1. Among (1) among the charged types (D, E, K, R); (2) at pLDDT below 85; (3) surrounded by 15 or more Cβ atoms within 10 Å (Cβ to Cβ), there is one condition LYS651 misses while meeting the rest; what is its number?
2. Could you grab me the full set of residues in the range 506-538 that are over 21 Å from the mean Cα position of the chain (by Cα), within 19 Å of PHE382 (Cα to Cα) and without any contact (Cβ under 8 Å) to a residue 40 or more places away in the chain?
3. Do you know which of the residues in the range 210-227 that are of a type in the set (A, V, I, L, M, F, W, C) and surrounded by fewer than 16 Cβ atoms within 10 Å (Cβ to Cβ) is farthest from ILE333 (Cα to Cα)?
4. I'd like to check something: does the range 485-492 contain any residue that is without any contact (Cβ under 8 Å) to a residue 60 or more places away in the chain and either assigned to a helix (DSSP H, G or I) or among the aromatic types (Phe, Trp, Tyr) (or both)?
5. For the range 330-346, does any single residue satisfy the condition of being of a type in the set (Asp, Glu), touching a Pro at 6+ places or on another chain (Cβ under 9 Å), touching a residue at least 12 places away in the same chain (Cβ under 8 Å) and in a loop (DSSP other than H, G, I, E, B)?
6. Somewhere in the range 463-478, is a residue farther than 23 Å from ILE558 by Cα, outside any helix (DSSP H, G or I) and not β-branched (Val, Ile, Thr)?
7. State all residues of the range 361-419 that are in contact with a strand residue (DSSP E or B) (Cβ under 7 Å, 6 or more places away or on another chain) and either in a loop (DSSP other than H, G, I, E, B) or among the polar types (S, T, N, Q) (or both); if no residue qualifies, say none.
8. Could you grab me the full set of residues in the range 120-153 that are of a type in the set (Ser, Thr, Tyr) and buried (at least 20 other Cβ atoms within 10 Å of the Cβ)?
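The values are calculated or read from the model by the stated rules, or taken from the named source; none is laboratory data. All of these numbers come straight from a predicted model, not from anything done at the bench. Every residue, glycine as well, gets a Cβ built from its backbone with ideal geometry; the counts of neighbours run over all protein chains shown.
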Amino acid sequence: MGKLERPSNGNDSEDSDSSEDGSIDLSAFEDPAPPDNLPVSTLQADPLEDPNPRIPISLTEDDANEVDSNVLRPSRNPLIRRQKQNEDIARTICSMVAFGRNRRHNGQQLMKGLLFIACGVTERVSRYLNYVGLSCSRRTAHCGLAALGKEAEKKIKRLFSNTDANIFSPAACIDNLDFQQSIHTKSVADSSTMFHGTWGYIHHLPHTFFNHLNHDELTLAALKLALKKSTNLEVQPRHFAPTVISDRYFKLTLKSQLTSVFLRYVASSSQKNPPLADHPPPVRPIKLEKPNLNMLKLMMASDNSSEGIGDVLSGLNKQAGLDPERFSSRLQIIEGDLGTCMNVLSLCELRIPAAYSKTSLANLISIPGAAHTMWNFAQSIFLHHWGDQTNQQDTGAWRVLKALGIPQEKPVTKRDFTLMISNMEKIHEADLLYCMLVVMGIENETLPEELPSMTSASIQDVVEKTFDQFLSGEALEIAINKKQTKLINLLLRIRDFGTVIEVNRSTKAGDTGRLIFMWKRWAVMGQGLKKLVHYSRHLPQLILLLEVILPKSLANVIKNLMLLCPSGREGHFVATDFYLEVQNFWLKYFYNHSGIGTNIKRLRDVFSINIPVLKSLMQVLNRESGMNVVQQSHKNKIKNVSINSFVRFAKQYNICLDEDKPKDFVPTSISDVYQQGIDAIQEDWID
């Protein structure tokens with residue numbers, strides 16, 4: 001349904017007919033922007049479609065709130081709810097009466113005006129709320145946001161100029177963001193315009209983190225020396241080959257995944273001892289604390305080319321308040337997707353040799369984001385195991401999704417990576433579950449809704465037997481020798497999907513050690529995955545950079561910058577580039593859908609740098625409504641009906657080959673990309 005909008009009259013205030021006596025006192029803000037300078041939208045949104053391209057994740061407001069903070073729910077005590085409501089009603093009525101008699105008594109109205117902007121209230125509704133004295137005008141609220149934005153700009157400059165920045169400059173995470181100002185009724189003067197911008201935030205590690213580091217290894221001179229030494233570095237297979245420690249860790253990872261699936265779908269433990277390891281052991285976890293993040297102002301420069309990256313760096317330098325000489329003398333980390341990093345590297349190479357240090361860009365380190373790395377490898381692995389969707393007897397990943405009752409849409413486009421990871425986890429858990437049912441000899445039984453109890457020793461015994469029969473290297477070797485194609489495909493899918501699930505879970509746990517263990521496996525697998533042209537080269541380069549080339553202190557800083565925990569809750573870490581995608585959701589979809597169409601100037605000058613303030617105001621409104629903090633996490637669990645449906649499918653098509661059936665359909669063999677990667681590395685090493 002199209003949106004009905006009033007034509008713009010050159011004034012974005014809902015209180016345009018108020019007299020001078022009804023002016024608003026803005027003395028609480030420093031240097032408020034005059035209303036005449038506020039951006040004005042003369043464009044109408046296209047009522048037929050949303051012209052703005054999607055971000056690569058599908059989020060709801062609750063999903064975004066879970067990443068950033070806690071979820072708020074009403075108190076269960078009716079007396080507390082009633083008392084809170086009475087207090088709020090009395091305070092609101094008094095403020096409305098005071099505001100009606102003298103509009104300089106506008107404290108509550110100014111706060112509510114900002115709250116209503118933060119919550120996405122349309123201008124039409126805001127005009128009525130201002131008329132009844134419940135809030136200030138939208139013009140005044142935008143003046144307040146503009147003043148808050150100036151304070152945020154000053155804070156960014158202070159962060160780049162304080163003593164901590166002299167030790168190590170705040171890292172910047174950036175991503176391209178495209179908007180379209182769409183006009184439904186076009187003319188010569190008015191036409192739809194696409195704006196290509198870049199947005200991001202700076203991430204500053206706490207001062208205490210640097211206390212145990214060698215500050216001499218965090219300088220630009222140390223970086224240049226390390227890179228100079230790396231020119232003679234001979235890349236060897238041992239840099240990525242599995243070690244005794246990594247093999248033992250991967251074995252524990254698969255066993256923990258088996259244990260987790262067993263406790264979730266088969267039976268619960270009736271004993272606390274011996275403890276069941278449903279999570280892998282920690283390797284190198286990041287300290288749990290809320291990060292110090294500050295959003296940058298939206299820059300009208302695209303990072304999709306070397307020229308655009310140059311404009312982005314100039315904009316970043318300007319927002320940091322540093323002159324070119326001072327900016328070039330500091331080591332600066334840039335995080336983003338692989339395309340952004342490649343453009344940064346391309347621009348650096350174009351400026352070699354540079355006549356001056358301030359134009360060389362030798363102080364930049366570009367780090368590909370952990371989330372985009374996971375999404376691209378996961379997509380390639382998923383497509384590799386997808387199977388033949390034209391054959392109903394095929395037992396590939398698509399057929400497992402169908403048995404679970406999930407729509408089988410092939411993930412060939414980068415539209416919704418969160419859904420793709422969720423589906424891969426469900427496929428993996430279903431495969432592990434059926435393997436354990438076969439070991440227990442109960443694959444013909446229907447799993448009950450209410451889980452029975454088993455002793456911890458019995459559960460451990462099932463896990464060990466399942467690992468030996470299906471997940472060990474010997475099990476795969478036996479299946480290959482017997483030429484059991486269907487079983488080989490299943491075992492390879494379990495092993496490859498297990499790496500994706502572990503990368504996702506290690507990211508949430510904030511454990512960079514576990515993450516790099518899996519990255520090393522992916523660095524080998526990438527040589528066998530033919531469609532990963534760029535990541536198959538750049539992921540090994542990143543591993544060498546962190547593990548071999550850079551000084552230990554600098555590498556430690558970068559590892560701690562790859563993940564962050566916005567809510568400060570255990571198990572809720574996210575990758576830095578994923579967090580930026582969440583902020584893109586707020587700017588691009590929440591605050592861009594306010595009933596007035598896309599207004600680029602307003603998004604750039606008012607909203608982009610104030611996103612943290614607006615989100616906190618939404619939490620304030622929830623608390624003002626009597627909400628309490630609730631710790632909530634989304635669980636990716638398969639329902640009992642879907643589980644039993646999959647078990648019937650697995651038994652019918654004999655996916656584990658628990659008995660010989662000569663008339664069984666033989667699917668197309670899936671290649672072992674890990675072995676192909678090892679072979680490719682060996683060939684390159686011999687040559």
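1. (2)
2. Across the range 506-538, the qualifying residues are LYS530, VAL533, SER536.
3. LEU225
4. There is at least one residue in the range 485-492 that is without any contact (Cβ under 8 Å) to a residue 60 or more places away in the chain and either assigned to a helix (DSSP H, G or I) or among the aromatic types (Phe, Trp, Tyr) (or both).
5. Initial filter on the range 330-346 (of a type in the set (Asp, Glu)): 335, 337.
Those still in the list that are touching a Pro at 6+ places or on another chain (Cβ under 9 Å) too: 335, 337.
With touching a residue at least 12 places away in the same chain (Cβ under 8 Å) added as a condition, the list becomes 335, 337.
From the residues that got through so far, the ones that are in a loop (DSSP other than H, G, I, E, B) too are 337.
Yes, the range 330-346 contains a residue that is of a type in the set (Asp, Glu), touching a Pro at 6+ places or on another chain (Cβ under 9 Å), touching a residue at least 12 places away in the same chain (Cβ under 8 Å) and in a loop (DSSP other than H, G, I, E, B).
6. yes
7. Correct list: ASN363, SER366, GLY369.
8. SER126, SER135, SER137, THR140
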